[in-house]
Structure formats: structure tokens, C-alpha cells
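Asker: Structure below; questions to follow.
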Amino acid sequence: MPKLDTAALPRHIAIIMDGNGRWAEQRGKPRIVGHRGGVESVQEIVRTTRELGIGVLTLYAFSTENWKRPPLEVQALMGLLKTFLESELSTMAQNNVSLRCLGQKDRIPLEVRKVMEQVIKETASNSGMILNLALSYGGRDEIIQAVQQIARECVDGAISPEAIDQAVLEQHLYTAGLPDPDLMIRTGGETRLSNFLLWQASYAELYFTKILWPDFRKNDLLHAISDFQKRQRRFGKTGTQAEQTHDY
Ligand code: FPP
């Protein structure tokens with residue numbers, strides 16, 4: 001197991017959980033079997049992140065584009081989510097984890113949304129870790145809804161166009177108040193962002209692995225964090241400047 005510097009952990013890890021379908025296909029099973037395997041990885045990764053004391057974990061569970069998948073797969077994924085939320089409520093309570101949802105909540109089927117809202121409400125005051133589930137989430141869509149809200153505030157006279165800056169835009173994103181992801185992981189071998197946290201990932205360290213999501217477990221997360229800890233984050237400065245300022 002890689003040894004980590006506990007003083008230099010990422011504050012926020014975001015994960016694109018890819019490869020469930022291929023994992024199932026490799027075993028001659030229907031895709032949903034891969035998604036079920038993926039839920040086990042979700043449980044292990046949430047537990048590990050919490051144990052490490054990392055403050056925020058964001059998981060890309062369902063994108064705005066995923067609605068185009070075959071209806072039966074969408075239905076099965078929503079069913080898995082509902083079961084996951086129902087079964088994890090007590091674990092989240094025990095481990096002081098607070099659930100949040102990033103995305104178009106109103107597109108989530110009512111029976112799933114009800115459970116989600118209940119879990120969000122019951123875990124709202126937990127302060128150990130924030131678990132963000134990105135559901136019906138798209139980065140471009142998130143920016144558009146933020147711009148629409150700001151435009152409405154301009155029309156109402158609550159803010160002037162000149163006062164719009166990065167901080168104002170950030171306050172209108174689903175992640176308002178949270179630190180940007182320091183580390184973004186994508187499993188499954190593809191090397192793209194797929195519309196995930198486009199604004200927030202501007203300075204994230206990207207980590208791509210060929211491991212399929214149902215196989216991505218504790219040790220793989222520790223490897224990703226260890227790799228992150230070897231990188232120098234410069235935020236546009238020179239290497240020497242960055243070493244002197246120790247920006248996060
Ligand atoms: C991508 O694999 C994965 C998804 C679209 C869904 C992720 C969902 C889970 C891990 C399970 C449910 C989530 C929670 C939070 C309980 P893919 O189907 O695109 O795989 P492929 O690229 O191999 O086809």
C-alpha cells in the first residue's frame with residue numbers, strides 16, 4: 001500500500017466512474033451487473049475517503065447525456081441509486097457524512113428524488129465529509145443555470161453587471177461554498193472530462209487509469225492520491241515561486 005503524506009491530502013476528490021458496462025461485458029453479463037459491481041466500489045471509496053479525513057468527495061453517477069441510454073438501463077440505474085440511498089443512510093449518519101446532490105434534481109424520478117431529499121435533510125448537519133452525487137449533471141448546463149440566475153438578479157437590480165466576477169459565478173454553481181476539486185480521477189481508460197465540473201476542475205490534477213470502475217478499490221484510490229502528492233501545483237506561477245508560496 002502506498003504511503004501517504006497525511007498533511008498534504010487533497011481537500012476535494014472528484015471521480016468519473018467509468019467502465020461498468022465493459023466490466024460486465026467481459027464477464028458475459030448484462031450491463032446492470034457492472035453497475036451493481038460499481039455500487040460496491042462506491043461504498044468502498046466513500047468509506048476510504050472518509051477514513052482519510054478528506055472533506056469532499058464528488059461522484060459522477062449520472063450525466064445529462066446518460067438520459068439517452070436505453071430506458072431499461074436508465075431505470076435500472078435509478079433503482080440502484082434508490083437502494084443505495086436507502087441502505088447508506090444509517091452508515092452516513094454513523095460516519096458523520098453529509099449527502100448533497102449536484103444536478104437537475106427535477107429530472108430525477110419522483111420516488112428516487114423523495115429518498116434523496118430525505119437523506120439530504122437527515123444528513124445536513126453532519127460535518128465529517130460531504131458526499132456529492134452528481135445526478136443528471138452536466139458542466140455546461142450548470143454554468144448556464146448559474147448565468148440565468150445571475151441575469152435574473154441583474155434584471156431585479158440585486159446586482160450590477162460590473163459586479164459579476166468569478167466569486168459571484170461560483171456562488172451560483174451547485175458546488176457553491178465548497179473547495180474546487182484538487183484531484184480528478186477517471187477510471188475505465190478514457191482520457192476526457194465528459195462535461196464534468198468544467199468550471200471547478202480548472203486547476204485539478206487529472207489522474208486517468210485503465211482500471212474499470214467495479215475493480216477500482218481502496219488501494220487504487222491510495223495510488224491515485226500518492227501520484228497526486230508527487231505533482232507540483234503551480235497555478236500559473238514558476239516552479240520556484242510555487243515552492244515558496246505552497247499554494248494548495
Ligand atoms: C459509467 O460506466 C457509469 C455510469 C454511467 C453510472 C455510474 C453508476 C454507478 C457506479 C452505480 C450507481 C451509483 C451510485 C452512486 C450508487 P459505463 O456504463 O459508461 O461503462 P462502459 O463505458 O464500460 O460502457
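Asker: Would you mind stating whether residue 124 is surrounded by fewer than 20 Cβ atoms within 10 Å (Cβ to Cβ) and more than 13 Å from the ligand (Cβ to nearest atom)? Can you show your working first?
Answerer: On the way: surrounded by fewer than 20 Cβ atoms within 10 Å (Cβ to Cβ): yes; more than 13 Å from the ligand (Cβ to nearest atom): yes.
For residue 124, the condition - surrounded by fewer than 20 Cβ atoms within 10 Å (Cβ to Cβ) and more than 13 Å from the ligand (Cβ to nearest atom) - is met.
Asker: Can you name every residue in region 1-15 that is of a type in the set (D, E, K, R) and closer than 14 Å to residue 220 by Cα?
Answerer: So in region 1-15, the residues of a type in the set (D, E, K, R) come out as 3, 5, 11.
Listed by number, the list holds a single entry, 3.
Asker: Look through 55, 103 and report the one residue that is in contact (Cβ under 8 Å) with a residue 24 or more places away in the chain, within 22 Å of residue 177 (Cβ to Cβ) and away from the ligand (no atom under 13 Å from the Cβ). Give the steps one after another, and end with the answer.
Answerer: Numbers: 103 fails: away from the ligand (no atom under 13 Å from the Cβ).
Exactly one residue qualifies, and that residue is 55.
Asker: Name the single residue that is surrounded by the fewest Cβ atoms within 10 Å (Cβ to Cβ) among those in region 58-84 being among the aromatic types (Phe, Trp, Tyr) and near the ligand (Cβ under 8 Å from one of its atoms).
Answerer: So, considering only residues that are among the aromatic types (Phe, Trp, Tyr) and near the ligand (Cβ under 8 Å from one of its atoms), the one surrounded by the fewest Cβ atoms within 10 Å (Cβ to Cβ) is 84.
Asker: So, of the residues in region 32-48 that are open to solvent by 10 Å² or more (accessible area, probe 1.4 Å) and near the ligand (Cβ under 8 Å from one of its atoms), which turns out to be nearest to residue 59 (Cα to Cα)?
Answerer: Ranking the candidates gives 42 first.
Asker: Pick from region 197-208 the residues that are part of a strand (DSSP E or B) and within 17 Å of residue 59 (Cβ to Cβ): which of them is least open to solvent (accessible area, probe 1.4 Å)?
Answerer: Our first condition is that a residue be part of a strand (DSSP E or B); within region 197-208, this holds for 205-208.
Those still in the list that are within 17 Å of residue 59 (Cβ to Cβ) too: 206-208.
Details: 206: 67, 207: 43, 208: 81 Å².
This residue is 207.
Asker: Give 194, 226 a once-over and let me know the one that is over 26 Å from residue 135 (Cα atoms), open to solvent by 10 Å² or more (accessible area, probe 1.4 Å) and at pLDDT 95 or above. Give the steps one after another, and end with the answer.
Answerer: Values: 194 fails: over 26 Å from residue 135 (Cα atoms).
Of the residues listed, the single one that is over 26 Å from residue 135 (Cα atoms), open to solvent by 10 Å² or more (accessible area, probe 1.4 Å) and at pLDDT 95 or above is 226.
Asker: Determine which single condition residue 141 fails, assuming it passes every other condition in (1) open to solvent by less than 30 Å² (accessible area, probe 1.4 Å); (2) closer than 19 Å to residue 65 by Cα.
Answerer: (1)
Asker: Taking residue 19 as meeting all but one of (1) among the small types (Gly, Ala, Ser); (2) buried (at least 19 other Cβ atoms within 10 Å of the Cβ); (3) under 23 Å from residue 113 (Cα atoms), write down the number of the exception.
Answerer: Failing condition for residue 19: (3).
The values are calculated or read from the model by the stated rules, or taken from the named source; none is laboratory data. Computed from a predicted structure; not experimentally measured. Neighbour counts run over all protein chains shown; Cβ positions are idealised from the backbone, glycine included. With ligands, DNA and RNA removed, areas are computed over all heavy atoms of the protein, side chains included. Shrake-Rupley method; radii C 1.70, N 1.55, O 1.52, S 1.80 Å.
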